Amino acid sequence: MPARLTLFRLLMQERQWDNWSVFAGHFGQAARDVALKTSAPRLMGVAVARRTFDRWMVGELKGMPQRDTRVVLEHLLGFSCTELFGPPPDVFSAARAVHDRGGLAASIAISDRWPTSRLFMSATGDVADSWHIRGRRLLDGTTAAVQFHSAVTVGDTVRITAADNDSLVRFLRPVRRGILVAVDEREDLKLYVTDAASARRALASFPSPDGALTLPAAHELDDLTYGILWSLIQIDDGLLADDQVLDEELRLMDTFLSLPRSALSRETQPGLTTVGSNWLGSAFCAQHIQRRLDGVTEPPVFWTREQTGEEAATWLFFQHKHAYLRSLADRFAGAGAMSRTFCIPPSEVSRSSNYERILLFLAIALMELHGIHVRVTIHPEYSTIDGFALATGQRAVVANWLRSESLWRADTITTRPELRSYQEIFMDAAATSVMDGPSPLDRLRALAGYLEIDWPWLVRRCLGLSTSGVTGLARPRSRLITLDALTRVLHFVGTLPPDR
C-alpha cells in the first residue's frame with residue numbers, strides 16, 4: 001500500500017528522524033521532559049514500538065494514539081495528533097509554486113528512494129526549499145536550493161510552465177547552486193532535474209511567450225542521474241570551499257615530487273575538507289607516477305585502490321585525472337595495452353546502492369575507453385594494498401591517497417624481492433578476475449553482471465544522456481573539475497550493443 005502523506009511523515013523526513021531508533025531516542029527524551037514538567041512519573045515509561053512507528057510513517061492508523069503516548073507525541077512535535085496524522089496544514093503551502101501536491105510527493109519520493117538525500121521544505125515563499133545530500137565515507141555532504149514545478153512530458157522533451165513565474169525568476173537569480181525538479185504526475189510520478197544556472201541561461205537565450213522552460217527527457221531522475229548529481233555536487237562544493245588553500249599547496253608540491261618517497265600527514269592541513277584533501281593527494285600521486293615512469297618504454301601494469309562509486313567518481317570529474325589518463329595513453333601508444341586491476345570484494349558491492357555501483361562502472365569503463373585492459377579481483381585480502389604502477393623488472397611506483405592517514409604515501413621500489421612480490425600480487429589477482437573477456441564489451445558486460453547493473457537499461461540511459469548533454473544536468477563551478485571524461489564515457493557505453 002502506498003504511503004499516505006501526513007504531517008507526521010513530513011516532519012520525520014525533514015528532521016531526519018525517519019529511522020525508528022532515531023525517533024525512539026527523541027521520543028524517550030520527550031517522555032522524561034514532560035513527566036518532570038507535569039509531575040506525572042508514569043510518562044517516564046511511555047515508548048513507541050517499531051511496528052507502531054512504521055504504521056505511523058505510512059499513515060496506517062486504526063485510531064489515534066493512546067492518551068499517554070498522545071501527550072508525549074504532541075509535546076515532542078508541537079502539533080495535536082489530529083493535525084499530525086492528517087494532511088500537512090496550509091502553512092506548508094505558503095509558497096504555492098513549491099509546496100503543491102506534486103512537490104511534496106516528489107520530495108518524499110526522493111528521500112525514500114535515495115537515503116543519502118533529504119529535502120527540507122520552507123514555510124515561507126521568500127525562502128527556497130533545500131536539498132541536503134550526504135556522502136558515505138569519502139564525500140562531506142552539501143546542500144543545494146531546490147524548487148519543484150509541474151511538467152508535461154511529450155516524447156523526448158519535458159515542458160515546465162511555472163504557476164508563479166516571478167517565483168521561478170527569483171529562484172534562478174541568486175548565484176548559489178540551485179536545482180529545478182520538474183514533476184510529471186499524469187501517470188506514474190516522474191521527476192526530471194536541471195541545474196539552475198542552465199535553466200537561467202536557457203530562459204535568457206530561448207525565451208518563450210508564456211515563460212515555459214523545456215529540458216530533455218533524458219534528465220529523468222533515476223540511479224544514473226542521481227549518482228552523477230550526488231557525486232558531482234559534493235565534489236564541486238568541496239573543492240570550491242578549499243580553492244585558495246589548494247592553490248597555495250600546489251606551489252609547494254614540487255619539493256615533495258623531487259623525492260623518491262614521501263608521506264604527508266593530513267594533520268598538516270586540518271582545515272581542508274575531505275574532498276580537498278583527496279584532491280591534493282590524488283594530484284600529487286598522478287604527478288609522482290608520471291615522473292617515476294620516465295624512461296619506461298613498455299606499458300606498465302597498474303593497481304588501483306578504489307572500491308566504491310564514491311571513491312571512483314573522482315576519475316569522472318577531477319581534471320588532472322582525465323589529463324593523467326590521456327597522457328599515459330599517448331606515452332605508450334603503439335607499445336601494447338596497459339592494464340589496471342581493481343579489488344572490489346562482494347561485501348563492498350552489497351553495501352553500495354545501485355547509483356554508486358553505476359559510478360564505479362563508469363569509472364572503469366572510462367579506462368577501457370582509454371585502451372586500458374581492466375581486471376577486477378574480489379579477494380578482500382588485497383583491499384589494503386596501496387595503488388602502484390609496476391614497470392616489470394625495473395621499478396614499482398607506489399602512490400596512494402585513499403583510505404589512508406596521510407594525504408598521500410609515495411615510494412619507488414627497485415629491489416628485486418619486492419618487485420617479485422608486486423608482480424605476484426598482480427598475476428594472482430589477474431588470474432581470478434571477474435571482469436573477463438577478449439574485448440572491452442565482454443569485460444564491461446561481465447562487470448555489469450558482477451555489480452548487478454541492468455545492462456540494456458544502462459546502455460539506453462547512457463546513450464540518451466550523452467545525446468542530450470550532461471552540462472544541463474549539473475554545471476560544475478570549480479576550475480578543478482571537467483565534464484569531458486563523463487561525457488566521453490557516457491557516449492562510449494551508450495554506443496555498445498544493448499543486447500546480450
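Laid out as a table, the results:
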| item | result |
| --- | --- |
| Near pairs, Cβ below 6 angstrom, 6+ apart or cross-chain, from region 290-304 (of a type in the set (A, V, I, L, M, F, W, C)) to any residue that is surrounded by 18 or more Cβ atoms within 10 Å (Cβ to Cβ) and in a loop (DSSP other than H, G, I, E, B) | TRP303/GLY387 |
| Helices (runs of 4 or more DSSP H) wholly inside region 1-76 that include at least 1 residues being surrounded by fewer than 19 Cβ atoms within 10 Å (Cβ to Cβ) and among the small types (Gly, Ala, Ser) | 20-38 |
| The lone exception for THR255 - which of (1) closer than 25 Å to PRO115 by Cβ; (2) β-branched (Val, Ile, Thr); (3) at pLDDT below 90 it fails | (1) |
| Verdict on LEU168 being in a helix (DSSP H, G or I), in contact with a strand residue (DSSP E or B) (Cβ under 9 Å, 6 or more places away or on another chain) and surrounded by fewer than 19 Cβ atoms within 10 Å (Cβ to Cβ) | no |
| Residues that are at pLDDT 90 or above and among the basic types (Lys, Arg), drawn from region 56-80 | ARG67, ARG70 |
| Residue match in region 199-214 (condition: under 23 Å from SER111 (Cβ atoms) and either in a loop (DSSP other than H, G, I, E, B) or touching a Lys or Arg at 6+ places or on another chain (Cβ under 9 Å) (or both)) | no |
| Residue in region 146-163 that is free of Cβ contacts under 8 Å to residues at least 24 places away in the same chain and either crowded, with 17+ Cβ neighbours inside 10 Å or within 20 Å of the chain's Cα centre (by Cα) (or both) present | no |
| Options THR377, THR415: the member that is of a type outside the set (A, V, I, L, M) and in contact with a strand residue (DSSP E or B) (Cβ under 9 Å, 6 or more places away or on another chain) | THR377 |
| Single match in VAL296, VAL275 (criterion: touching a strand residue (DSSP E or B) at 6+ places or on another chain (Cβ under 8 Å) and β-branched (Val, Ile, Thr)) | VAL296 |
| Members of region 312-338 that are among the basic types (Lys, Arg) and crowded, with 18+ Cβ neighbours inside 10 Å | LYS321 |
| The listed residue being surrounded by 18 or more Cβ atoms within 10 Å (Cβ to Cβ), within 25 Å of TYR192 (Cβ to Cβ), in contact (Cβ under 8 Å) with a residue 24 or more places away in the chain and touching a Gly at 6+ places or on another chain (Cβ under 7 Å), out of VAL459, VAL493 | VAL459 |
| Residues of region 87-131 classified as of a type in the set (Asp, Glu), at pLDDT below 70 and under 17 Å from ALA145 (Cβ atoms), total | 1 |
| Residue match in region 271-286 (condition: at pLDDT below 90, surrounded by fewer than 16 Cβ atoms within 10 Å (Cβ to Cβ) and outside the structural domain of ALA145 (by TED's automatic domain parsing)) | yes |
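The values are calculated or read from the model by the stated rules, or taken from the named source; none is laboratory data. These numbers were taken from a predicted model, which means no experiment stands behind them. Neighbour counts are summed over all protein chains in view; Cβ atoms, including those assigned to glycine, are modelled from backbone coordinates with ideal geometry.
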